1. What percentages, rounded to whole numbers, describe P(r) for the chain computed over all alpha carbon pairs with 20 Å bin width beginning at zero?
2. Arrange the residues Leu91, Leu156 by how much accessible surface each exposes, largest first, with a 1.4 angstrom probe.
3. Along the positive direction of the dipole of the chain (beta-carbon charges: Lys, Arg +1; Asp, Glu -1; about the Cα centre), which of Ala143, Ala299, Gln310 reaches farthest?
4. Give me the percent of accessible area attributable to carbon and sulfur for the chain, probe 1.4 angstrom.
5. Any idea which of Ala325, Ala274, Val246 is furthest toward the positive side of the dipole for the range 219-363, if Lys and Arg beta-carbons carry +1 and Asp and Glu beta-carbons -1?
6. Within the range 161-198, which residues have the backbone N less than 13 Å from the label spot 7 Å out from Glu116 along Cα→beta-carbon, could you tell me?
7. Determine which lysines satisfy two conditions relative to Lys3: a Cα distance under 18 Å, and not lying fewer than 8 residues away in the same chain.
8. Under 17 Å between alpha carbons, and skipping anything fewer than 8 positions from Lys201 in its own chain: which aspartates and glutamates qualify?
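The values are calculated or read from the model by the stated rules, or taken from the named source; none is laboratory data. This one's a predicted model, so the numbers in the text were calculated from it and none came from an experiment. Glycine also receives a Cβ, built like all others from the backbone with ideal geometry; neighbour counts cover every protein chain displayed. These area figures cover heavy atoms from the full protein model, side chains too; ligands, DNA and RNA do not enter into them. Shrake-Rupley method; radii C 1.70, N 1.55, O 1.52, S 1.80 Å.
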Amino acid sequence: MDKIILTGDRPTGKLHLGHYVGSLKRRVELQNSGEYDKIFIMIADAQALTDNADNPDKVRENIIEVALDYLSCGLDPAKSHLFIQSQIPELTELSFYYMNLVTVSRLQRNPTVKSEIQMRNFEASIPVGFFTYPISQTADITAFKATTVPVGEDQLPMLEQAREIVRKFNSVYGDTLVEPEALIPKNTVCSRLPGTDGKAKMSKSLGNCIYLSDSEDDVRKKVMSMYTDPNHIKISDPGNLEGNTVFTYLDAFATDAHFAQFLPEYPNLEELKAHYQRGGLGDIKVKRFLDAVLQSELAPIRARRKELEQDIPAIYEILRQGSIAAQKAAAKTLAEVKASMRINYFDDAELIQAQQEKFNSGV
Ligand code: TRP
């Protein structure tokens, strides 16, 4: 069986460091590993509209931002199909059929849906489209026969739901769909990078994100004002690492090579942490180091983005080509699904013939 990746993001904003360590970086590694037969990366505009129905321009404008972020991080259209969800009508059609295989109570129990409903204060006013987005997400995954779905930890209940729908479909209509596996970040820091203010998540509305497209100055300012240990006032005070955002970011980004390059007095992060805890190490020094680490990671991404921004029509052409390839793959699966579901009337010469004979024999 082919090894196939599908994953994607909602285009509701530019991508930030949380997206980067949580999934983007890994995708690029997977892409370049050569281990996958096909890779589909989707800009999930239709899903974004499920809770932004009244704000289509926000979704529309962010498609190019996400595409630029993808390409500048190293996703390569020669190896991965980058496409736009709404341009693949087969996905909506699959969703419609999968809806028959899921109960309302099962959707209500989906922890991701539950917490997102809370987050958005939807309660009784949930749009139906939003409520059913795990089903649409199953369509996204199965349309490409994806075996592997690299996502953040928060998406695990989605994958479980997708697997259930696949099993149900296959047991009712015969083996047709492929059960996908989630691939989550190896370390938990990368799974949920906190905001620069120490809050659990980076979120645009909280203004606590470092964006991949931020300027060098912006990154420095954000790092220098990051939340640390509020009780670490004098340099000589012992510092606390727990909930200390600067150290959380170092956990996610700093390597021994970074120490050798930018802070050679310490061989590694363990030694830096030990000094901080003992007292005698100031926040500014640690922040300067983090800034150097992030700048070295972001500089090449920023430079590539600047270049790509020079030719926006070319980016849309990449998305168009990716969408054509994705549509072809999805159409093939949809045809199989319809055959399994016995709704492929016009392709079924035998059906037509058999019915003719039935009427002829007058039964
Ligand atoms: N829900 C994902 C997000 O919010 C985007 C997405 C849509 C997705 N369809 C998917 C991810 C299918 C993985 C597989 O970022």
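1. 26, 50, 19, 3, 1
2. The most accessible residue leads, giving Leu156, Leu91.
3. Selected residue: Ala299.
4. 52 percent
5. So the residue we want is Val246.
6. Taking a point 7 Å out along Cα→Cβ of Glu116, the residues of the range 161-198 whose backbone N falls under 13 Å are 161-162.
7. Partners found: Lys38, Lys79, Lys145, Lys328, Lys332.
8. Candidates past the 8-residue exclusion: Asp9, Glu116, Glu153, Asp154, Glu242, Asp251.
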